[in-house]
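Undergrad: Below is a structure I'd like to ask you about.
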Ligand code: DAH
């Protein structure tokens, strides 16, 4: 009889002792975890469905009602205590991991002071400055014009007749200002030619870099906002040979002496004759760079110059693809996402 009554009590005591051991072990493992992932694994191991602690539930059935109540309470308490330790440890480790991540991604936005390294310029800005340097070295000045332009500067003065299909190629973004269609985001830097010619008397030897806009979906090779550089030379007795020579001199100065250039016949409303120009790399491959030609007499007239007295040539090309190609960047969008980790590579 004594045996029969003492056995359940002993069994219950054994279970309580085992629960205590499992709880201590679980707490020790939680405390030893050094990452959020480790805590998660310890949680599954110690109080998850397949844990030893959970398996003890099945053994409650062999106890009497009293024992079940007592041991059940202890088991519940131990599970809760481990769960609380897990939550606490996880919070600590999460905070530590977040701090570490913030430190790793920290941007130094402190003011540049004398003697402190000043970061560096964006790839496209570097390209614009390099191009300006080369052209200034060749005797050009640098001019700028507005990004919001009139239809007349962007198209009309450049000899695009109204409703001419050539306008359609420019996917123009119009600005809701004054008369409908009168004001736009410039689609190319060519209107700066008009600004230069109407602003000061000739001769002109100018390059005009700037931002241009077209209603285009961004992809690896197109951006709705991009950069061009325009060139304009107007003087007495300027010929097509001067144009070809200038393009070639620029090619060698900017890319290197082992690069050459060629012109292919093309069409632009503001030049006649017109050409596209390509550069040849030392490995023999060609890169299409931009357009050029002799300034159309109508353009000179529109800008108040007498075509019998003044002649010239113009050229224009995109800067972004050039900068990207130079640095092996194969997706233009990477240039403008402004992820500091990408940009600081250059
Ligand atoms: N504006 C032209 C474009 O965006 C490029 C161009 C072609 C510029 C010929 C020129 C030129 O100055 O002469 O497609």
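Undergrad: Being out of contact with any helix residue (DSSP H, G or I) (no Cβ under 9 Å at 6 or more places or on another chain) and either in the same structural domain as residue 158 (by TED's automatic domain parsing) or under 20 Å from residue 230 (Cα atoms) (or both) is true for just one of 312, 284, 304. Which residue is that? Working first, answer last.
TA: On the way: 312 fails: out of contact with any helix residue (DSSP H, G or I) (no Cβ under 9 Å at 6 or more places or on another chain); 304 fails: out of contact with any helix residue (DSSP H, G or I) (no Cβ under 9 Å at 6 or more places or on another chain).
Step by step, each of 312, 284, 304 is checked, and only 284 is out of contact with any helix residue (DSSP H, G or I) (no Cβ under 9 Å at 6 or more places or on another chain) and either in the same structural domain as residue 158 (by TED's automatic domain parsing) or under 20 Å from residue 230 (Cα atoms) (or both).
Undergrad: Further question: Can you list residue pairs whose Cβ atoms sit under 9 Å apart, with the first residue in segment 206-222 being farther than 13 Å from residue 149 by Cβ and not assigned by TED's automatic domain parsing to the domain that holds residue 129 and the second being part of a loop (DSSP other than H, G, I, E, B) and more than 11 Å from the ligand (Cβ to nearest atom)? Count only pairs 6 or more apart in sequence or on different chains.
TA: No pair meets every condition.
Undergrad: Quick check on my filter: what residues within segment 152-177 are outside any helix (DSSP H, G or I), modelled with pLDDT under 95 and within 19 Å of residue 295 (Cα to Cα)?
TA: 161, 164
Undergrad: Answer with yes or no whether residue 43 is assigned by TED's automatic domain parsing to the domain that holds residue 86, surrounded by 14 or more Cβ atoms within 10 Å (Cβ to Cβ) and under 44 Å from the mean Cα position of the chain (by Cα). Walk me through how you get there before you give the answer.
TA: Numbers: assigned by TED's automatic domain parsing to the domain that holds residue 86: yes; surrounded by 14 or more Cβ atoms within 10 Å (Cβ to Cβ): yes; under 44 Å from the mean Cα position of the chain (by Cα): yes.
Yes: the conditions hold for residue 43.
Undergrad: It is to be established whether one or more residues within segment 294-302 are within 16 Å of the ligand (Cβ to nearest atom), within 30 Å of residue 153 (Cα to Cα), free of Cβ contacts under 8 Å to residues at least 60 places away in the same chain and in a helix (DSSP H, G or I).
TA: Taking segment 294-302 as the starting set, the residues that turn out to be within 16 Å of the ligand (Cβ to nearest atom) are 294-300, 302.
In the following step, the residues that additionally are within 30 Å of residue 153 (Cα to Cα) were identified as 294-300, 302.
From what's left, free of Cβ contacts under 8 Å to residues at least 60 places away in the same chain: 294, 297.
Pick out the ones that are also in a helix (DSSP H, G or I) and you get 297.
There is at least one residue in segment 294-302 that is within 16 Å of the ligand (Cβ to nearest atom), within 30 Å of residue 153 (Cα to Cα), free of Cβ contacts under 8 Å to residues at least 60 places away in the same chain and in a helix (DSSP H, G or I).
Undergrad: Within 11 Å of the ligand (Cβ to nearest atom), within 22 Å of residue 320 (Cβ to Cβ), without any contact (Cβ under 8 Å) to a residue 40 or more places away in the chain and in a strand (DSSP E or B): which single residue out of 291, 231 fits that description?
TA: Numbers: 231 fails: without any contact (Cβ under 8 Å) to a residue 40 or more places away in the chain.
Residue meeting the stated conditions: 291.
Undergrad: If you scan segment 195-220, which residues turn out to be more than 11 Å from the ligand (Cβ to nearest atom), more than 21 Å from residue 131 (Cα to Cα) and either assigned to a loop (DSSP other than H, G, I, E, B) or touching a helix residue (DSSP H, G or I) at 6+ places or on another chain (Cβ under 9 Å) (or both)? Write out each step before concluding.
TA: So in segment 195-220, the residues more than 11 Å from the ligand (Cβ to nearest atom) come out as 195-206, 209-211, 213, 215-220.
Next cut, more than 21 Å from residue 131 (Cα to Cα) only: 197-203, 215-220.
Within segment 195-220, 197, 198, 200, 201, 202, 203, 215, 216, 217, 218, 219, 220 qualify.
Undergrad: Another question about this same structure. Among 272, 276, which is the only one that is within 12 Å of the ligand (Cβ to nearest atom) and within 31 Å of the chain's Cα centre (by Cα)?
TA: Numbers: 272 fails: within 31 Å of the chain's Cα centre (by Cα).
Step by step, each of 272, 276 is checked, and only 276 is within 12 Å of the ligand (Cβ to nearest atom) and within 31 Å of the chain's Cα centre (by Cα).
Undergrad: So, in segment 244-266, exactly how many residues are surrounded by fewer than 16 Cβ atoms within 10 Å (Cβ to Cβ), free of Cβ contacts under 8 Å to residues at least 24 places away in the same chain and within 16 Å of the ligand (Cβ to nearest atom)?
TA: 3
Undergrad: Sticking with this structure for a sec: Can you name the residue in segment 320-336 that is in a loop (DSSP other than H, G, I, E, B) and in contact with a helix residue (DSSP H, G or I) (Cβ under 9 Å, 6 or more places away or on another chain) and is also nearest to the ligand (Cβ to nearest atom) among such residues? First the steps, then the outcome.
TA: Step one: filter segment 320-336 for residues in a loop (DSSP other than H, G, I, E, B), giving 327-332.
Subset that is in contact with a helix residue (DSSP H, G or I) (Cβ under 9 Å, 6 or more places away or on another chain): 327, 329-332.
Details: 327: 23, 329: 22, 330: 23, 331: 22, 332: 16 Å.
Among them, the one singled out is 332.
Undergrad: Residue 317 - would you say it is away from the ligand (no atom under 16 Å from the Cβ), under 33 Å from the mean Cα position of the chain (by Cα), assigned by TED's automatic domain parsing to the domain that holds residue 144 and closer than 24 Å to residue 139 by Cα?
TA: Answer is no for this residue.
Undergrad: Quickly run through segment 303-314 and pick out the residues that are under 16 Å from residue 268 (Cβ atoms) and either within 9 Å of the ligand (Cβ to nearest atom) or without any contact (Cβ under 8 Å) to a residue 60 or more places away in the chain (or both).
TA: 313, 314, listed by residue number.
Undergrad: I'd like to check something: does segment 203-211 contain any residue that is surrounded by fewer than 20 Cβ atoms within 10 Å (Cβ to Cβ) and either closer than 30 Å to residue 308 by Cα or more than 33 Å from the chain's Cα centre (by Cα) (or both)? Working first, answer last.
TA: The first filter runs over segment 203-211 and keeps only residues surrounded by fewer than 20 Cβ atoms within 10 Å (Cβ to Cβ), leaving 203, 205, 211.
Next, only the ones that are either closer than 30 Å to residue 308 by Cα or more than 33 Å from the chain's Cα centre (by Cα) (or both) stay: 203, 205.
Looking through segment 203-211, at least one residue is surrounded by fewer than 20 Cβ atoms within 10 Å (Cβ to Cβ) and either closer than 30 Å to residue 308 by Cα or more than 33 Å from the chain's Cα centre (by Cα) (or both).
The values are calculated or read from the model by the stated rules, or taken from the named source; none is laboratory data. A quick note: this is a predicted structure, and the numbers were derived from the prediction, not measured. Heads up, the Cβs are rebuilt from the backbone with ideal geometry, glycines too, and the neighbour counts pull from every protein chain shown.
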